[in-house]
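Peer 1: What follows is a single structure, and I will ask about it in a moment.
Just so it is clear, none of the values below were taken in a lab; they were calculated from the coordinates. Small disclaimer: the values here were computed from a predicted structure and weren't measured. Glycine also receives a Cβ, built like all others from the backbone with ideal geometry; neighbour counts cover every protein chain displayed.
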Amino acid sequence: MKPTVSIITASVLAAVAGTAHADAIIGPELTEMLPTALTPTKVIVTTHDQSQLNDVMANLGQPYLAMKTLPMAGATLTKAQINALAKDERVKSIYYDAPLKYYNYNSGEITGGHYVHDVENVTGRGATIAVLDSGVDATHPDLQLGSKVVQNVKIVGDLDLAGGLNVFLEGVPNSDTSSGHGSHVAGTVAGTGAASADDARRANYHDGIAPDAKLVGLGAGDAISILYALAGFDYAIGNKEKYGIDVITNSWGSSGGAEFDPNNPTNQASYEAYKQGIIVTFAAGNDGPGDNTLNPYGVAPWTINVAAGTEDRGLANFSSRGVAGDEFKAPDVTAPGSNIISTKALNTVLPLLGPVLDPEYPEYDVYYAGMSGTSMATPFVAGVAGLLLEVNPDLSPDQIEEIIRDTADPMEGFEFHQVGGGYINVKAAVEKARVTEGKRAEFMAGATKWSSQGNWKVVSETDSMIDYVSRWSTKSDADSTDGSYQQSRRNNAEVMFNFIGDSIQILYTANSKGGHGEVFLNGQSKGIIDFYSPETSSKSFVLRDLDTSQVHSLSIKNVEGTINFDGLKMDGQLVDNGTSINTDQQVIEGNIGPSAENIQFNDHVISVGADAVAIDAVLSWGGVADLDFQMLDAEGNVVASSASLDNPEVISFRPEQAGDYTLRVNGYISVSTDYTIDVEVSNLIQ
């Protein structure tokens, strides 16, 4: 059975004045649970705006735990309360608070890590890495509280007692008291190796890959859930400046196979961290060797997704794989993850499974343990990110990911969806980081590689929904988005358009003849664009964190000289003024007969017009069966699918063009199964 494929839902927006949100998105697991829910269910509620969160939750009259920086809260709610929240226009999504699972001498030697330590003296100085895991034993000689672990937090939350907020216990000497997983991860990142300082083979023999980096421990406990993971992100984002947090490493996740769901609370949290300039690493998962088994939180394109390699520079059999040809479902890089020796938390369970038996240094068994998994590979990459930031602190998260992936060594016999760029090469990555022009300032201004939905929507300057005032001319330029851009020297020159969405990048060409233009959003000035540059270059002016419930009007007016316009990158779409949303609903019923492994299937064709912006379909059935669900475009290409063990199966899609789309019901396991498809098509109307 194939795991669930993503639910990519368009933002449904209404008219300019008095606009309202559509019903909140309910996650697929929660959608499956609600029809038979007899007792309250733990959920994660996300509002459109942080300022609305406490009002929304307080009205329920139930205890809840609210994040401080993220617009999210956890609560235990009845079916009726969940359904009522789904109708609240302030609520963006409701997801099940599902339980999650936690997924170094040789590592440093085979990747060039020891070379950059010993020859180049690059050890992660100035970098701070947050370890979101079971906890950190900061009483360990390699992980001392204060000098190495600058803050050690135990996340404590009780929906009955916390009074609406997570409790973060700070300065905890040992927050990893039963598992040992987090302490092992922390040592891999930045352990000092103090307990092996006198090793004759190499001083600090068992140090981490970034031994001079600082650590922030975020202890979510052994029974980690989405709520506690979100609390860890919430703390890291809220304390980014206080502790200088550069990286958050995450060696946990859920069962692999699900596609990228941008509305998932964990993905929203990791995107917020990314927007704030924090590098986020995630374990690929340990569900290999089959394809389509990646941790669903690692497939978010703004994270660094890490596969596990062996000591002989191969791919570990257990390491999760992606899907050939899928732009999101692939690791970014492979790093050492087999039999990794790192710090051992006292009196914990997991390290007992991998004792360190070194005849020359028998005391190492007290301080170190061996473990395998993508959990061990991921902190190695987080530490390498710290090394790159030491040699070039102006690098953006996008550049860090690209450098690590692009400098990796090819792995013969493996494909990209299995190993990403290849086996990490620390020496080559550090060398490239030194000579790369950092673009962190542009990134922090909003010029990110990824939007909140994944890829930015690129809009040409020639789009019919963009209006030009006065005389403009077309200029050819091979470096522009589509080979040309628009230019005007007229004093009254202006570009105007309307759009919906969260963020927008105004693309333009700067050159030696450039002047200045002023950007207006909804009639208010948002700043001046300087079109001058001694050398011709492509640049962007970014507006982000916009009100997604409003249709925005934007204009660029000439202030003086020549202005240039090269199109847009959008987390949304262009619309006509006065646009609103109309929803068409349809119910399809059917039956699928005896079938195994999708031998039998039924097709149902739906037609959508040019104004359709979202198609949402829910397949549910009765009896003992397992049905899979797909959507195909007019050419027969699968554009969305859901193939999990869930009932119902849920798919959503943003159509790019009008026409017929086919909803295909596959019988993975069926004798005679009645099913229902609830279809909702959202259309823009004037």
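Peer 1: In which sequence would Lys154, Lys526, Lys87, Lys329 go, from the one with the fewest C-beta neighbours within 10 Å to the one with the most?
Peer 2: Ranking Lys154, Lys526, Lys87, Lys329 by Cβ neighbours within 10 Å, fewest first, gives Lys87, Lys526, Lys154, Lys329.
Peer 1: Size of the dipole of the chain about the Cα centre, Lys and Arg at +1 and Asp and Glu at -1 on the beta carbon, nothing else charged, in debye to 20?
Peer 2: It comes to approximately 1380 debye.
Peer 1: In nm², what is the average projected area of the convex hull enclosing the Cα atoms of region 25-96?
Peer 2: Average projection, Cα convex hull of region 25-96: 4.2 nm².
Peer 1: Rounded to the nearest Å, what's the spacing between the alpha carbon centres of region 113-134 and region 285-357? Just the number, please.
Peer 2: Answer, in whole Å: 20.
Peer 1: What's the extension gain from Leu521 to Arg202 if we count 0.36 nm per residue and subtract their Cα-Cα distance?
Peer 2: The Leu521-Arg202 span can extend by a further 108.8 nm.
Peer 1: Sorting check: for 628-641, 139-152, which peptide has the highest mean count of neighbouring beta carbons within 10 Å, and how do the rest follow?
Peer 2: In decreasing order of mean packing, 628-641, 139-152 become 139-152, 628-641.
Peer 1: Which value in deg cm²/dmol, rounded to the nearest 500, describes the helix-derived mean residue ellipticity at 222 nm for the chain, given -39,500 (n - 2.57) per DSSP H run of n ≥ 4 and division by the residue count?
Peer 2: Dividing the helical sum by the residues of the chain leaves -5000 deg cm²/dmol.
Peer 1: Compute the relative contact order of region 457-575 as a whole-number percentage, counting only Cα pairs closer than 8 Å that sit 6 or more residues apart in sequence.
Peer 2: Relative contact order of region 457-575: 39 percent.
Peer 1: Separate question: With a cap of 14 neighbouring Cβ atoms within 10 Å, and only residues DSSP puts in a loop, list the GluC sites (Glu not before Pro) found in region 170-264.
Peer 2: Qualifying residues, ordered by number: Glu170.
Peer 1: Here is a follow-up. Let's see if you can work this out: charge +1 on each Lys and Arg Cβ, -1 on each Asp and Glu Cβ, no other charges. What is the dipole magnitude of region 101-444 about its Cα centre, in debye to the nearest 20?
Peer 2: My answer is approximately 400 debye.
Peer 1: For region 194-260, which trypsin sites (Lys or Arg not before Pro) are both in a DSSP coil and crowded by at most 15 other Cβ atoms within 10 Å?
Peer 2: Hits after loop and neighbour filter: Arg201.
Peer 1: Set the Förster distance to 41 Å, then compute FRET efficiency between Ile599 and Glu412 from the Cβ-Cβ distance, nearest 0.05.
Peer 2: Efficiency at R0 = 41 Å is approximately 0.65.
Peer 1: Express the Stokes-Einstein translational diffusion coefficient of region 240-396 in µm² s⁻¹, to the nearest whole number, given a Kirkwood radius over alpha-carbon pairs, 37 °C and a viscosity of 0.692 mPa s.
Peer 2: For the chosen part, D equals 199 µm²/s.
Peer 1: Please report the antiparallel percentage of the DSSP beta bridges confined to the chain, to the nearest 5.
Peer 2: Of those bridges, close to 80 percent are antiparallel.
Peer 1: Taking 7 Å along the Cα-to-C-beta vector as the label spot, tell me the Asn637-Asp463 distance in nanometres, rounded to one decimal.
Peer 2: For Asn637 paired with Asp463, the spin-label model returns 2.0 nm.
Peer 1: May I ask you to derive the FRET efficiency for Ala84 and Asp584 from their Cβ-Cβ distance with R0 = 30 Å, giving the value to the nearest 0.05?
Peer 2: After rounding to 0.05, the efficiency reads 0.75.
Peer 1: I'd like the FRET efficiency for Ser470 and Ser537, computed as 1/(1 + (r/R0)^6) with the beta carbon distance as r and R0 of 22 Å, rounded to 0.05.
Peer 2: Computed FRET efficiency for Ser470 and Ser537 comes out at 0.30.
Peer 1: Something else now. Rg(Cα) of region 580-685 divided by 2.2 N^0.38 Å?
Peer 2: Taking N as the residue count of region 580-685, the ratio is 1.06.
Peer 1: If you add up the charges near Glu109, with Lys and Arg at +1 and Asp and Glu at -1, over every other residue whose beta carbon is less than 13 angstrom from its beta carbon, what do you get?
Peer 2: Residues near Glu109 contribute 0 overall.
Peer 1: In whole Hz, what ³J(HN,Hα) sequence does region 23-36 give by Karplus (6.51, -1.76, 1.60; θ = phi - 60°), x for Gly and Pro?
Peer 2: 4, 5, 6, 10, x, x, 5, 5, 4, 5, 6, 4, x, 10
Peer 1: Viscosity 1.306 mPa s, temperature 10 °C: Stokes-Einstein D of region 336-446 from its Kirkwood Cα radius, in µm² per second?
Peer 2: Using the Kirkwood radius from Cα pairs, D works out to 98 µm²/s.
Peer 1: To the nearest whole percent, what portion of all C-alpha pairs in region 101-444 is separated by more than 40 angstrom?
Peer 2: That tail contains 4 percent of the Cα-Cα pairs.
Peer 1: I'd like to know how region 457-575 sits against the 2.2 N^0.38 Å rule of thumb: what's its Cα Rg over that expected value?
Peer 2: Output field value: 0.98.
Peer 1: I've got another one for you. Which number do you get for Rg(Cα) / (2.2 N^0.38 Å) in the chain?
Peer 2: 0.99
Peer 1: Suppose we keep just the DSSP beta bridges with both residues in region 101-444; what percent of those would be antiparallel, to 5?
Peer 2: Here the antiparallel bridges make up roughly 30 percent for region 101-444.
Peer 1: Among the listed pairs Lys242/Lys275; Lys154/Lys344; Lys92/Lys275; Lys154/Lys329; Lys526/Lys569, which have their C-alpha atoms separated by more than 27 angstrom in this model?
Peer 2: In this structure, Lys154/Lys329 exceed 27 Å between Cα atoms.
Peer 1: Something else about it: How large is ³J(HN,Hα), in whole Hz, for each residue of region 603-610 in order, when computed from phi with the Karplus curve 6.51 cos²θ - 1.76 cosθ + 1.60 and θ = phi - 60°, using x for Gly and Pro?
Peer 2: Per residue, the Karplus-derived 3J(HN,Hα) values read 10, 10, 9, 10, 10, 10, x, 5 Hz.
Peer 1: While we're on this one: Using per-residue counts of other Cβ atoms within 10 Å, averaged over each peptide, order 380-386, 38-44, 470-476 from highest down.
Peer 2: 380-386, 38-44, 470-476
Peer 1: Under 14 Å from the Cβ of Val458, count the other residues' Cβ atoms, weight Lys and Arg +1, Asp and Glu -1, and hand me the total.
Peer 2: Residues close to Val458 contribute a combined charge of -3.
Peer 1: Quick one: dipole size for region 163-262, taken about the Cα centre, charges +1 on Lys/Arg Cβ and -1 on Asp/Glu Cβ, in debye to the nearest 20.
Peer 2: Dipole magnitude for region 163-262 comes out near 160 debye.
Peer 1: Next question. As an exercise, identify the trypsin sites (Lys or Arg not before Pro) in region 358-454 lying in DSSP coil whose Cβ has no more than 15 other Cβ atoms within 10 Å.
Peer 2: Here the sparse-neighbourhood loop sites are Lys439.
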